[in-house]
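Below you'll find the structure, written out as structure tokens, and then a few comments.
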Amino acid sequence: MKRDTKIVRGQVQPDPTTGAIIPPIYQTATYALEEVGKDKGFDYTRSANPTRQTMEEYLALIEGGQFGVAFSSGMATVDSCLKLLKSGDHIICSDDVYGGVSRHFNQILNNYNLEFTYVDSQNVANIEAAIKPKTKMIWIETPTNPLLKITDLEAVGKIAKSHNILFGVDSTFATPVFLRPLEFGADLVMHSTTKYLSGHNQLIGGIVITDREDLFDSLKFIQKTVGAVPGPFDCWLTILGLKTLDVRMQKHNENGIQIAHYLEGHPKVERVIYPGLESHPMHHIAQEQMSGYSGMISFELKGGLESGKALMNYVELCLLAESLGAVESMITHPATMTHADVPREDRLARGFSDGLVRLSVGIENVTDIISDLEQALEKA
Ligand SMILES: Cc1ncc(COP(=O)(O)O)c(C=O)c1O
């Protein structure tokens, strides 16, 4: 079966009792047992729920992995992956991760004696150089949020394997339509399902996929013990979103490429960051490991912060909003919104200026998005 067919259909079969094509929502907390010690595979929804299980299996299939474990948000997923570690462990992390991830690592997990080293993972030599005897995990985001840095996953996979270090990838921006990190040696692939996977700004959720049964068992144990689980209705909405994932991603990508070129040619634009542009320093790796570049673009205007702010205030079709990956185009000011908790000097050190604008290109007609940017750029 071709990948796009697999994405539309998943493993979901019509419901055997009614023929319903869309699986039912099992909106229940608990399940009646037939007798003591005998259930039908479900006893309490914190441990397992049929709608959640359908979504977990669907996402595992699309990602090309064996097991999926769902959580109530992308952040709860990251947290659960890190709970695979123990106090005293050391983690090497991409320097340009989503601001909520670095906030979690630096302001919560470091209180539990986990130590983090941030490196520019575009240069994999930086990862190798940061390895210590107590390094237990390499955590890569690719493309990163918001600078869209690209990491060579095959090279990192080899390093992780040779040092016996867990290798986790946050693949939220790429989606399994364009990138499947398990193929490059990742042990864990996570997504904020809030973004492209559910795709319609309708829920908060997360998933981690693995081929390793030992990691699956540990993550299931964390899931049922900590209880940061998504509700059945959110899982069902995610299933509906997944059915159109491939067509949505192709359109995000098509629009993304056109808008990145449009911005690059605009006299008021200082620089455009998009992995599909030849000017991106890691374009060759993106081309090799991804089959599309997705719909996320970051750029800076020649007028810096003031012009960037004006642009974000003048857009009409593009929504000024915190999130990404939905059908609507959304524009964000990372320094004051998604990455507000990242210290300014850290941001500037990694080339993330106050004036950086992040655009999540939606699936509207591309000429309408460009006209909107054009009228806002004129005033900016
Ligand atoms: C790359 C990335 N990972 C993780 C998250 C966290 O996901 P959530 O907002 O679903 O908790 C985000 C949120 O923006 C993100 O951009």
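So how far apart, in nm, are the two label points at ASN111 and GLU254 if each is 7 Å from Cα heading toward Cβ?
Distance between label points: 4.9 nm.
Pick from THR367, THR54, THR18: which residue has the top mean-square fluctuation in a GNM of the chain where Cα pairs under 10 Å get a spring?
THR18
For region 189-195, take each phi angle, set θ = phi - 60°, evaluate the Karplus expression 6.51 cos²θ - 1.76 cosθ + 1.60, and give the result in whole Hz per residue in order, putting x for glycine and proline.
Values per residue, Gly and Pro as x: 10, 10, 9, 7, 6, 4, 8 Hz.
Quick one: dipole size for region 1-100, taken about the Cα centre, charges +1 on Lys/Arg Cβ and -1 on Asp/Glu Cβ, in debye to the nearest 20.
My answer is approximately 220 debye.
Who wins for biggest fluctuation among ALA321, ALA29, ALA60 in a Gaussian network model of the chain, springs between alpha carbons below 10 Å?
Taking springs between Cα atoms under 10 Å, the residue moving most is ALA29.
Would you compute, from DSSP H runs of 4+ residues alone, the mean residue ellipticity of the chain at 222 nm, taking -39500 (n - 2.57) per run and dividing by the full residue count, rounded to the nearest 500?
-11000 deg cm²/dmol, from helical runs alone.
Where Rh denotes the Kirkwood radius from the mean inverse Cα pair distance, what is Rg over Rh for region 245-379?
Rounded to two decimals, Rg over Rh is 0.94.
How high is the relative contact order of the chain, in percent, counting Cα pairs under 8 Å that sit 6 or more residues apart?
It comes to 17 percent, rounded to a whole number.
Assuming a ≥ b ≥ c are the square roots of the Cα gyration tensor eigenvalues, decide whether the chain counts as rounded (a/c under 1.5), prolate (otherwise, with a/b larger than b/c) or oblate.
Oblate.
Tell me, what does the Kirkwood hydrodynamic radius of region 1-93 come to in angstroms if you use every pair of distinct C-alpha atoms?
16.0 Å
Taking a ≥ b ≥ c as the square roots of the eigenvalues of the Cα gyration tensor of region 143-266, is the shape rounded (a/c under 1.5), prolate (a/b larger than b/c) or oblate?
Because a/c hits 1.5 or more and a/b fails to exceed b/c, region 143-266 counts as oblate.
Across 10 Å bins from the origin, how do the percents of Cα pairs in region 317-380 run, short distances first?
The percentages, shortest bin first, are 21, 44, 29, 7.
Simple spin-label model, 7 Å along Cα-to-Cβ: LYS6 to GLU270 in nm?
That separation, rounded to one decimal, is 4.3 nm.
Taking 8 Å as the Cα distance limit and 6 or more residues as the minimum spacing, I'd like the relative contact order of region 245-379 as a percentage.
Relative contact order of region 245-379: 28 percent.
Springs between alpha-carbon pairs under 10 angstrom, Gaussian network model over the chain: which of ASP79, ASP89, ASP152 fluctuates most?
It is ASP89.
Hey, can you list the DSSP H helices of the chain whose Cα span along the axis is 24 Å or longer and whose average Kyte-Doolittle score is at least -1.0?
245-264
As an exercise, identify the trypsin sites (Lys or Arg not before Pro) in region 53-116 lying in DSSP coil whose Cβ has no more than 14 other Cβ atoms within 10 Å.
LYS86
Return LEU305, LEU373, LEU33 ranked ascending by Cβ neighbour count within 10 Å, so the fewest neighbours appear first.
Sorted ascending by nearby Cβ count, the order is LEU33, LEU305, LEU373.
Read-outs: derived from the displayed coordinates by stated rules, not from any lab. Just so it is clear, the model here is predicted, and its values are computed rather than measured. Methodologically, a virtual Cβ is constructed for each residue, glycine included, from the backbone with ideal geometry; neighbour enumeration extends over all protein chains shown.
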